[in-house]
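Engineer: Okay, handing you the structure first.
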There are 2 protein chains.
Amino acid sequence: MHPQRWGDPARAEALPEGARGLVELAFGLVDSPAAPPASPPAPGIDVTLLDELRARLGAAHVLTDDETRRLRTRGKSTPDLLRARGGDLTDAPDAVVRPGSHDEVAAVLAWAVEHHVAVVPFGGGTSVTGGLVARREGYAGVVSLDLARLRRLLAVDHTSMTAVLEPGLRGPEAEALLAAQGLTLGHHPQSFEFATIGGFAATRSSGQASAGYGRFDSLVVGLRVATPRGDVRLGAAPASAAGPDLRQLFLGSEGAFGVITEVTVRVRPLPEVVHDEGWRWPSFDAGAEAVRTLAQAGLLPTVLRLSDETETAIGLARPDEIGGQSASGCLMVAGFEGTAEAVAARRTAVGALLTALGGEPAGEEPGEAWRRGRYDAPYLRDAMLDVGVLVETLETATFWSRRGATYAAVRAALETALPGALVLCHLSHVYETGCSLYFTVAAPAGDAPLERWRAAKAAANDAIVASGATITHHHAVGSDHRPWLHHEIGDVGVSVLRAVKADLDPTGVLNPGVLVP
Amino acid sequence: MHPQRWGDPARAEALPEGARGLVELAFGLVDSPAAPPASPPAPGIDVTLLDELRARLGAAHVLTDDETRRLRTRGKSTPDLLRARGGDLTDAPDAVVRPGSHDEVAAVLAWAVEHHVAVVPFGGGTSVTGGLVARREGYAGVVSLDLARLRRLLAVDHTSMTAVLEPGLRGPEAEALLAAQGLTLGHHPQSFEFATIGGFAATRSSGQASAGYGRFDSLVVGLRVATPRGDVRLGAAPASAAGPDLRQLFLGSEGAFGVITEVTVRVRPLPEVVHDEGWRWPSFDAGAEAVRTLAQAGLLPTVLRLSDETETAIGLARPDEIGGQSASGCLMVAGFEGTAEAVAARRTAVGALLTALGGEPAGEEPGEAWRRGRYDAPYLRDAMLDVGVLVETLETATFWSRRGATYAAVRAALETALPGALVLCHLSHVYETGCSLYFTVAAPAGDAPLERWRAAKAAANDAIVASGATITHHHAVGSDHRPWLHHEIGDVGVSVLRAVKADLDPTGVLNPGVLVP
């Protein structure tokens, strides 16, 4: 990753011409280049403390150079990017340590407890909720615990259709290892190319094909976690009544309860067929009702995504065509994966239902365009920042009966807080009982973009909470959503989180300031 | 319920003739009537403490009479029945309290904390793992907190397909209330007729139609729980990444963390069509491989159950025909529920796959017979005890790759511990990654049936743990499985459970001795 931008620097591009015209029309163009990459502050830790770790892990795996630390400074939210572009690297870790095994992870934790050093587990660095910004006060230092050396496929059980993955595997690496065995995990969040298996588990990630493959938490069969109190392995069976499901405490624990060192996942056969298609709806409401009908009939495609009128008009579902021929109504993308027979049967059933509900087939091209561009939106965000436009996303999930109200409330909150902003939305994760709503906001960055965005985000969070929806469907809590978590789980829920934290991490060295209110 | 037998006394029957002959052949018949119902010991609590509760709940809802206490003594495991039949009521609660609302439940908990009285939440009283036997030592008394007055359907959301149920609703009551709205929960464990919504949640119950409707934990959208620390409401959205899923801590908490006072469940339309059918397999292995194939192809019927050779021969899947014409091979029952169109499509697809895998259709009668007798086996157990035969069940779940080994190990453990015992098994809850194994054991009760069973159960538990399976798929932990739980969740898992318990129930009044090691 680039320290100031998303993803692979070779893939960074200026705005396409069409989009440039559109942006100029909407917001004006203000050339806003990033400052030259800054140096992080000198390590604030007593560097002799690191010698112990060097003896254990090898000197090559305990790093304090500027470049290594710069790349592990914060995540990739728009505020994170704005600060990096402005040269602010005050949150850089004092060192980056790269254990090569579960036992070495445990050794790093023991060292951190002994010296009271804060530890920030680091996978792909793609957090957009401040999950990688540990509180420094009171600690002897902050180290980034980079899991990049734990990237093996440890075991495959073809009979049970499970696989044991190490946490540092990035999405494409995990898929490549599984594909060699004829298998797939099917988990494709927008961060897929960079985010890691451990991060998917620690943040309850959800992928673009969640309708077909399930959320990541539902794909997790077992976990191994290193905690300051010791090692825990969970997941003895496909299902169990042996008390509370403790896996669900570590899924979503964001590095605050322990470091996930192995993830046993459910896998599926590689699909024989992948087919994408588009459908048009006269309105977001009509399309959403169709999505609800599919979900409640047990007839979901593998991928299902519905853009609202604004997102459809802007064409954000098709980044290569932004600013091109504008489309009316709402675009739905449906993707089907599986055996030829299963895909054909599901397409027929879904198509019949969508047609009966008033959908109009829009051919394969919109679906294929979506698939081509499915990981590209974050690059576009950088290109927009370069011309002075702040772009950020936020998401929630709610029950079907509250969908309209939540949508309206969040939109209104954003439009009020950011006059002139463009607010786009799509619905992309679908359940029998409800769905996620994913908003994209674009507004002139202006003189104080960080403050402007912070106020807008707070207004949106308040609106989400007031409408009874969840503060996050798949971006996790981090430090950004932490002030809103108590609304969702109450005083008793907060108390339980604190009790678990105190038990597993009694001296509080694990990702302090993240998740637990 | 009868204090010494399962279920409705009017439905208790002597063994059918055919079964009687079979039992005589296998074990001999020893007339073993229960002792006349005994009186429980006088309440061991300072009865003036109860006056406070009477003032709060009304005198009619704080009961200490023998009959009321007798019916809330222990659960319905075979050891529980043997003790009750022998006149041992030493575990009777000192009083039975019946709060009528969430606030009254909270008031009972506050009273219990103030006076250090142990509280045993009571739903249907159908526990088979010692979930209703609180530790008495050190407490001012033990009260049974009977949820029978909390049995309303509080809300229905037809758009989101959810319903809010109170915990004291028994299975048929909940289904009747939902049916009046055109809806069903679809949760049918063998205890369905007596067990309650709160109990289903607190024990992670799984129903006979779990293949179609899902385990109870997967049906729970939201929970309200009264704890000594306060009230908690969880489940703001269909799915969330807002930290650990705390619902999963209360699901399976067996009354040790709080009292569940509202359960929001996912509901489905009442099925238009219910169709059951039988299939024959040459062996348990062949049938199990077919079940695995269906599960991994995403082609499960609503009900799927496969008896092993012995269970098929005995005909336990058809209690009305026990001892009748013996059948060879293994019987599978497949049930389909849904719209006419969905059932037809699923039957065709399942039938084609089963035929291709070597299954032989056995017509509708075996499936219909299973449905007629689906709740009857526990009555048969009493009839067997009456003639001196101990019958008990136990269950586990494991991954497909370990199915054969777990099956063989548990069977061997039971046959070794109980020479001459008959061990039957079926596979009845199915997942992509594995399945449950449900064992029924019959053996002469002999002179010391409790001790004999305890040794056999311990041997089976040891075998389950050694084979890497879960100590319970759907019977919960209670006090009976508690000594084995640490094998499954490790020292760290036990520590977490204790930390949560200490946080929510700091003085330990909730169901002491149950669940938490």
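The values are calculated or read from the model by the stated rules, or taken from the named source; none is laboratory data. Nothing here was measured: the structure is a model prediction, and the numbers come from that model. Virtual Cβ from ideal backbone geometry, glycine too; neighbours counted across all protein chains shown.
Engineer: Any idea which of A:233, A:280, A:224 is free of Cβ contacts under 8 Å to residues at least 40 places away in the same chain and in a strand (DSSP E or B)?
Structural biologist: Matching residue, one of A:233, A:280, A:224: A:233.
Engineer: Filter the stretch B:98-127 for residues that are in contact (Cβ under 8 Å) with a residue 40 or more places away in the chain and assigned to a helix (DSSP H, G or I) and give the result.
Structural biologist: Selection gives B:102, B:104, B:105, B:106, B:107, B:108, B:109, B:110, B:111, B:112, B:113, B:115.
Engineer: Filter the stretch A:215-227 down to the residues that are out of contact with any strand residue (DSSP E or B) (no Cβ under 7 Å at 6 or more places or on another chain) and more than 7 Å from chain B (Cβ to nearest Cβ) and list them by number.
Structural biologist: The answer is A:216, A:217, A:218.
Engineer: Within the stretch B:380-398, can you find the residues that are closer than 26 Å to residue A:240 by Cα and either assigned to a helix (DSSP H, G or I) or outside the structural domain of residue B:465 (by TED's automatic domain parsing) (or both)?
Structural biologist: B:381
Engineer: Here's a follow-up. Hey, among B:243, B:212, B:252, which residue is more than 8 Å from chain A (Cβ to nearest Cβ) and either surrounded by 24 or more Cβ atoms within 10 Å (Cβ to Cβ) or outside any strand (DSSP E or B) (or both)?
Structural biologist: Exactly one of B:243, B:212, B:252 is more than 8 Å from chain A (Cβ to nearest Cβ) and either surrounded by 24 or more Cβ atoms within 10 Å (Cβ to Cβ) or outside any strand (DSSP E or B) (or both), namely B:212.
Engineer: Considering the stretch B:464-497 alone, what residues qualify as being outside any helix (DSSP H, G or I), more than 9 Å from every other protein chain (Cβ to nearest Cβ) and either at positive phi or crowded, with 24+ Cβ neighbours inside 10 Å (or both)?
Structural biologist: B:478, B:480
Engineer: For the subset of the stretch B:78-94 comprising residues that are surrounded by 24 or more Cβ atoms within 10 Å (Cβ to Cβ) and touching a Ser or Thr at 6+ places or on another chain (Cβ under 8 Å), which member is nearest to residue B:439 (Cα to Cα)?
Structural biologist: Residue satisfying both the conditions and the ranking: B:92.
Yes/no per residue for (1) within 14 Å of chain B (Cβ to nearest Cβ); (2) surrounded by fewer than 23 Cβ atoms within 10 Å (Cβ to Cβ); (3) on the phi < 0 side of the Ramachandran plot:
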| site | (1), (2), (3) |
| --- | --- |
| A:369 | no, yes, yes |
| A:376 | no, yes, yes |
| A:379 | no, yes, yes |
| A:383 | no, yes, yes |
| A:396 | yes, no, yes |
| A:411 | no, yes, yes |
| A:420 | no, yes, no |
| A:430 | yes, no, yes |
| A:435 | yes, no, yes |
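Engineer: It is to be established whether one or more residues within the stretch A:47-63 are at pLDDT below 95, of a type outside the set (S, T, N, Q) and in the same structural domain as residue A:114 (by TED's automatic domain parsing).
Structural biologist: Checked against the condition, which is being at pLDDT below 95, of a type outside the set (S, T, N, Q) and in the same structural domain as residue A:114 (by TED's automatic domain parsing), the stretch A:47-63 yields at least one hit.
Engineer: Might you let me know whether the stretch A:261-269 holds any residue that is under 24 Å from the mean Cα position of the chain (by Cα), within 28 Å of residue B:200 (Cα to Cα), touching a residue at least 24 places away in the same chain (Cβ under 8 Å) and not in a strand (DSSP E or B)?
Structural biologist: Among the residues of the stretch A:261-269, not one is under 24 Å from the mean Cα position of the chain (by Cα), within 28 Å of residue B:200 (Cα to Cα), touching a residue at least 24 places away in the same chain (Cβ under 8 Å) and not in a strand (DSSP E or B), which makes the answer no.
Engineer: Next up: Among the numbered criteria (1) closer than 23 Å to residue A:366 by Cα; (2) within 9 Å of chain B (Cβ to nearest Cβ); (3) among the hydrophobic types (A, V, I, L, M, F, W, C), which one does residue A:279 miss?
Structural biologist: Of (1) closer than 23 Å to residue A:366 by Cα; (2) within 9 Å of chain B (Cβ to nearest Cβ); (3) among the hydrophobic types (A, V, I, L, M, F, W, C), only one is false for residue A:279: (2).
Engineer: Only one of A:194, A:200 is modelled with pLDDT of 95 or more, more than 10 Å from chain B (Cβ to nearest Cβ) and either part of a loop (DSSP other than H, G, I, E, B) or under 21 Å from residue A:338 (Cβ atoms) (or both); which?
Structural biologist: When all the criteria are applied, what remains is A:194.
Engineer: If you go through the stretch A:472-500, how many residues are acidic (Asp, Glu) and touching a residue at least 40 places away in the same chain (Cβ under 8 Å)?
Structural biologist: Within the stretch A:472-500, residues that are acidic (Asp, Glu) and touching a residue at least 40 places away in the same chain (Cβ under 8 Å) number 1.
Engineer: Could we say that residue A:287 is in contact with a Phe, Trp or Tyr (Cβ under 9 Å, 6 or more places away or on another chain), away from chain B (no Cβ under 14 Å) and of a type outside the set (A, V, I, L, M) here? If you could, list the steps in order and put the result at the bottom.
Structural biologist: Values: in contact with a Phe, Trp or Tyr (Cβ under 9 Å, 6 or more places away or on another chain): yes; away from chain B (no Cβ under 14 Å): yes; of a type outside the set (A, V, I, L, M): yes.
When the stated conditions are applied, residue A:287 passes them.
Engineer: Within the stretch A:123-146, identify whether any single residue is out of contact with any Pro (no Cβ under 6 Å at 6 or more places or on another chain), under 17 Å from residue A:227 (Cβ atoms) and not basic (Lys, Arg), and answer yes or no.
Structural biologist: no
Engineer: Tell me yes or no: at least one residue of the stretch B:302-309 is outside the structural domain of residue B:432 (by TED's automatic domain parsing), surrounded by 23 or more Cβ atoms within 10 Å (Cβ to Cβ), more than 30 Å from residue A:485 (Cα to Cα) and among the acidic types (Asp, Glu).
Structural biologist: yes
Engineer: Still on this structure: Tell me which of these residue B:135 doesn't satisfy, since it passes every other one: (1) within 23 Å of residue B:69 (Cα to Cα); (2) crowded, with 24+ Cβ neighbours inside 10 Å.
Structural biologist: So the condition that residue B:135 fails would be (2).
Engineer: Separate question: So, of the residues in the stretch A:42-76 that are in a loop (DSSP other than H, G, I, E, B) and touching a helix residue (DSSP H, G or I) at 6+ places or on another chain (Cβ under 9 Å), which turns out to be farthest from residue A:108 (Cα to Cα)?
Structural biologist: A:76
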